[in-house]
Each structure stands twice: as structure tokens, then as C-alpha cells.
Amino acid sequence: SENTALFARRVLASYREKVKSGVESSDDTLIKLLENSGAFATEAEKIAEITGLISGGFHTTGNSIGFTLLELAKNPKIIEDYRDNIKGTSNVYDWAKSDCIQRIVREGLRMHPVTSHIWRVLDKDIHTKSTGMSTKKASSHIVIPKGSIIVVCFPSVHRSSEHYNHPDTFDPSRWINPSKEAMDAFMPFAL
């Protein structure tokens, strides 16, 4: 949006002011890397990149947290298990690293992926597995030719009983010893 682009211009201007006055951070920040990379030919390209980072980071993070909290609110037993898991741990960083919270986040992303779908152009022919739905007129598998545009719909994959038992149930324990199929099907961000 126009407001986000204006904010991006201010962020870049603020960074440049800090550099001029000698108070630039020695850490590699995204703005510092963007400003010094040489990958952007124009100011407009830098602003567009910053705008994308702001928009993408805000919406994806907020939605992921919001949906995971909603699932936890509907499943108080999971919250109790998490509290039992971190009992006696006083350091917030240890809480965040606990296996229990990692499973909760993973399950939240499985149930409510960051994006709904992604488009790809195939760089090779893809031979699908048999669906068991073959007839005399159809083969037991399909070949999708190189150059085809495909769409992967993450919610359909993540909610498939082919990959997950009780796929519509919020169950972080499914990630304790997940199957290879479950891990291969888990695509919360992109391919």
C-alpha cells in the first residue's frame, strides 16, 4: 500500500542518516544488506523490496500466531501439557526451544499454513502415482509434462488423510515421531 511504501522510504532515510552521523550498527541488518548489496538498480526497487519485507513479515507472522493461539484456545489440554513440560524452567529462551512448543508451532503451521498455494513451472516431466481410480479408458498414472504450470494447495496437502491421521484435528503430538510421508508433505512456507 501507499502507506507501507511511505514507511519504507522513512526506514531507508533513517538508516542513511545514521550512516552519515556515524551511529550505524555494526550488525548486518536487512536494511544495511539491501542498501549495500548493489542488487537494486533504482531507489524504487529498494523501496519495493522493503515494502515486501514489511508486508510479508507482518501478515505471515501475525496470521500464524493468531491461528495457533485460536487452536490452543480450543484445546486447553494442550496448554496444560505445555505448562507441565516447561515447569521448573525459568528462562524464556528455554521455553521457546522446548520440543513441546516446536510441535505446537509446527502443528499450527500445518493446520493454517502461511500461504494457501504456490505456482511452479515444471522443469521436468512428473509421473504421478496410481490413484487406484483407473478405468479401461484411463491409465493408472498421469504424466504432467515439463513446462506445465502447477499449483500446490497447501491446505489440501496438510489436511489430507493420506499424510496425516485425523488431519482436521489440532494435535501437536503428531510431530513427536512423524512419518517420512508427514514430513515430506509438510510445506508451511513454500516448495
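The values are calculated or read from the model by the stated rules, or taken from the named source; none is laboratory data. Bear in mind the structure is a predicted one, so any value in this text is a computation, not a measurement. Because the Cβ atoms are built from the backbone with ideal geometry, glycine has one as well, and the counts that use them run over all protein chains shown. These area figures cover heavy atoms from the full protein model, side chains too; ligands, DNA and RNA do not enter into them. Shrake-Rupley method; radii C 1.70, N 1.55, O 1.52, S 1.80 Å.
General observations
- Stretch gain in nm, segment Ser14-Ser55, where the contour uses 0.36 nm per residue and the Cα spacing is subtracted: 12.9 nm
- With the simple model of a label 7 Å out from the Cα in the direction of the Cβ, Val23 to Val151 spans 4.9 nm.
- Taking the charge dipole of region 15-104 about its Cα centre, with +1 at Lys and Arg Cβ atoms and -1 at Asp and Glu Cβ atoms, the residue from Ser21, Ile54, Leu69 reaching farthest to the positive side is Leu69.
- Portion, in percent, of the accessible area of region 1-123 that falls on carbon or sulfur, probe 1.4 Å: 57 percent
- Under 25 Å from the Cα of Lys129 - lysines, other chains or at least 8 residues apart: Lys137, Lys146, Lys180
- Distance from the C-alpha centroid of region 140-191 to that of region 54-112: 21 Å, rounded to the whole angstrom.
- The convex hull around the C-alpha trace of the chain, projected and averaged over every direction, spans 16.8 square nanometres.
- Helix 76-86 vs. the chain, principal-axis angle (Cα, 0 to 90°, nearest 10): 60 degrees
- Between Asp184 and Ala39, the C-beta separation translates, for a Förster distance of 35 Å, into a calculated FRET efficiency of about 0.60.
- Across region 108-117, computed HN-Hα scalar couplings (Karplus, 6.51 cos²θ - 1.76 cosθ + 1.60, θ = phi - 60°) run x, 6, 5, 5, 9, x, 4, 10, 7, 7 Hz from first to last residue, x flagging Gly and Pro.
- Principal-axis tilt of helix 2-21 within the chain, Cα atoms, nearest 10 degrees: 50 degrees
- Only lysine pairs 8 or more places apart, or on different chains, with alpha-carbon atoms under 29 angstrom apart are counted in region 46-123, and they number 5.
- Note on Ser173/Asp94: beta-carbon distance plugged into 1/(1 + (r/R0)^6) with R0 of 25 Å gives a FRET efficiency of 0.75.
- Couplings for region 30-44, taken from phi via the Karplus curve 6.51 cos²θ - 1.76 cosθ + 1.60 with θ = phi - 60°, read 4, 5, 4, 5, 5, 5, 9, 6, x, 7, 10, 6, 10, 4, 4 Hz in order; Gly and Pro are left as x.
- Whole-number accessible area per residue in Å² for the chain, which is evaluated in the context of all protein chains at 1.4 Å: 70 Å²
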